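Each remark here refers to the structure printed beneath this line.
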Amino acid sequence: MVTQADALKIKRRSVGRFSMTLLAGAAACALAAASVRAETGVAATPEPAPVAIPAPANEQDFATGAIDEATPTAPAAPNALTPTAPAALSPMAPQPIAENLAPLPAAIAALLAETGPTAQVKMSVADRQALVAFYTARKDEPIWIKDGHLSPKASAAKDRIAKAADDALDARDFRLPGDPATGTPADVARAEVQMSAVALSYARKAWGGRVKPGVVSPSITVEGTPFDAAQALASLEQSQDVAAALDAFNPQAPQFQELRKLLHAARADRKDQPDLPRIDFGKLIEPGMDDPRVPALRKRLGLFGAPDDLYYDSELQDAVVAFQKKSKIGASGLINKQTVRALNAVSRPHDDADLIEINMERWRWTPRDLGTKHVFVDIPAYRLHIMQDGASTYDTRVIVGKSTNQTPIFSNEIDHIVVNPYWNVPSTIALKEMQGSSLKGFEVVDSRGRPAALDWEGIRTNKLRIRQPPGERNALGNIKFMFPNSHAVYLHDTPTRKMFERNERALSHGCVRVDRPLEFADALSGDQGLSGAKLKSMVGGKERSLTLKSPIPVHLTYFTAWVGPDGKLETRNDFYSLDGRLKAALKGEPLPPLPKPAAPQVIAKPKPKPTAAQTAEAQAAAVPAPQQQRVASPGDWLSRIFGSSR
């Protein structure tokens, strides 16, 4: 039985528990309110309790996100969505907002989080990822803003990027921000992020170029030094001279710097010449025909005519014949593929400025560190140089690939030398040039090097290969210099030495033939124990492969503009017709088509000549046998009367 005293104790316990529950609930509400204020950036709501509350700042320092307490103002109005606790249950003042949630850093983080077509600041995915990582590491604090405005450092960066055209870049690619229109975190953050995005974009293009090399030609597989966006942003942040830091992303190669000096003067001297149109490939155009390409032909050959006059008249025919004679192609007056290709092959830029820009872009593709000692193959000049500490210590003539078998453009390292090499004939050469010819001096082997019977289908599928044993008549001569690549090309000797006497030496199937290979070897690897004299002593006998102790970089390059020792521009023949394609790519125009060589095919074996007996038998078979009279059947008369159902 519960006594009155026991009932009073139970009642007191219940009241105590209710009070504790009420206090816990009030505390939870207070914590929730503080969390909402911290996440949304809403000013703290003043409590009715007599607790001193710091007054909100009149201005915010956007550079640090700190609050200036010197000038108090009226407290902010309560937020209807923010719960408030009773005065008796609010023993503590509101907590300060965390630094990484201050208004400006929060606005920067939100701006960088935007993706897709609705993003306020446009940039590549790679640049956005780099900027997100960069700003996250620094808690989204700005680097270009001071007192709510673009800093002097930002102004210096803008001035340098505005001169991008002097670097052979397109200044229109870089949208420079203005000073924030207002002091709101959103406007200031936008200026900050835009400045970082445009600086990073400039650095990336100045470093690696505006066009991917493979777009110009599949034979260009050069891979420049990769761009490090994180390192670029760090250097811009830490630099005391941001203009110099931005300039350093351009190639520092002496030739690039010399070309840049000539670019401004070339633009000033640029002649007012109309762009010559490309002629599209299509059906054969004969004099007297109508064709939509006729107006472009007239303009291309300097004739006048109405844009809608499609008639191939005698005046145009005379101009075509004159062009064909000058180009040393058949002067037929017919607009065939050869003539169209010749018209479009005159694709060199119309002034030195374009030519300089094209070759400055090529320098951006080249590795930044060519190597203290390296081999530099200058394809358009038909020369090879060994460079040591920036100076040429050895040079010689070379033979490079024909326009239909272009020497590829790339970089790698010479890692071994082969003396008395086999020549493994590429299947394309074998199928195009060796079918139907004598294979005397060659041998057919399988994938393991075992002798095999000739089967052209096996050659086509690379199950078999034709090779030429070492010897004086071997197409590779006595020595070849090897470096890994997907094109199966290398530097090598040749038994045909008279070709080096020609001025134009684009004559090979793609490999580079060296004029004096043993002298070259002496300069290349003599300091590694593989001198020319030692290699010469090994000539004759079996194939031998010798590994270099230290691989030496080799660069196969294609520069059609070069600055000579006198500071004047030297131009080379664009015999691979790559200048026009790169120029179009830089301007965002359609690229002229590359010629497509015919695919090698297996030629069917000719049928053997029939013998006299086979001929007589065939003639006898050709004489029709006398028809035998068929004996009439009883059904024949029925067929004559009622017709046949067969």
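The values are calculated or read from the model by the stated rules, or taken from the named source; none is laboratory data. These numbers come from a predicted model, not from an experiment. Heads up, the Cβs are rebuilt from the backbone with ideal geometry, glycines too, and the neighbour counts pull from every protein chain shown. For accessibility, only protein heavy atoms count, side chains too; no ligands or nucleic acids. Shrake-Rupley method; radii C 1.70, N 1.55, O 1.52, S 1.80 Å.
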Query - Angstrom value of the Kirkwood radius, inverse mean 1/r, which spans all Cα pairs in the range 213-271 - result: 14.5
Query raised in the report: Taking a 21 Å limit on the Cα-Cα distance, which of the listed pairs Lys373/Lys402; Lys205/Lys587; Lys498/Lys534 fall beyond it?
Result: Lys373/Lys402; Lys498/Lys534
Query - Solvent-accessible area per residue, Å², over the range 191-333 with all protein chains present [probe radius 1.4 Å] - result: 53
Query - Two-site FRET efficiency, Phe281 against Asn573, from Cβ-Cβ distance with R₀ of 30 Å, rounded to 0.05 - result: 0.80
**Report entry** Ratio of the Cα radius of gyration of the range 533-574 to 2.2 N^0.38 Å, where N counts its residues
**Finding:** 2.08
Query - Inter-probe distance in nm under a simple model that places probes 7 Å from Cα toward Cβ, at Gln120 and Arg172 - result: 2.7
Query raised in the report: Full extension from Thr184 to Ala533: what is 0.36 nm times the residue separation minus their Cα-Cα distance, to one decimal in nm?
Result: 118.0 nm
Report summary line: Taking protein heavy atoms only, a 1.4 Å probe, and rounding to whole percent, the accessible area of the range 342-462 owed to carbon and sulfur comes out at 46
Report summary line: Counting only protein heavy atoms and leaving out ligands, DNA and RNA, the solvent-accessible surface of Asp269 at a 1.4 Å probe, in Å² to the nearest 10, equals 120
Requested in this report: Could you look at the range 254-341 and say what percent of its accessible area is carbon and sulfur, using a 1.4 Å probe and all protein chains?
Outcome: 53
Report summary line: Per residue, the convex hull enclosing the Cα atoms of the range 403-484 spans a volume in Å³ of 127
Report task. List, largest first, the extents of the alpha carbons of the range 447-525 along their principal axes, each in whole Å. Result -> 40, 28, 27
Query raised in the report: How much length is gained on full extension from Glu315 to Lys139, taking 0.36 nm per residue of separation minus their Cα-Cα distance?
Result: 56.1 nm
Report summary line: Taking Trp562, Trp365 and ranking on accessible area (1.4 Å, protein atoms only), highest first, one gets Trp562, Trp365
Query raised in the report: Which value, in Å² and to the nearest 10, is the accessible area of Arg465 when all protein chains are kept and the probe is 1.4 Å?
Result: 70
Report summary line: When all Cα-Cα pair distances of the range 185-304 are considered, the percent exceeding 17 Å is 75
**Report entry** HN-Hα J in Hz across the range 353-359 - Karplus 6.51, -1.76, 1.60, θ = phi - 60°, x for Gly and Pro
**Finding:** 4, 4, 5, 5, 4, 4, 7
Query raised in the report: Where Rh denotes the Kirkwood radius from the mean inverse Cα pair distance, what is Rg over Rh for the range 323-457?
Result: 1.07
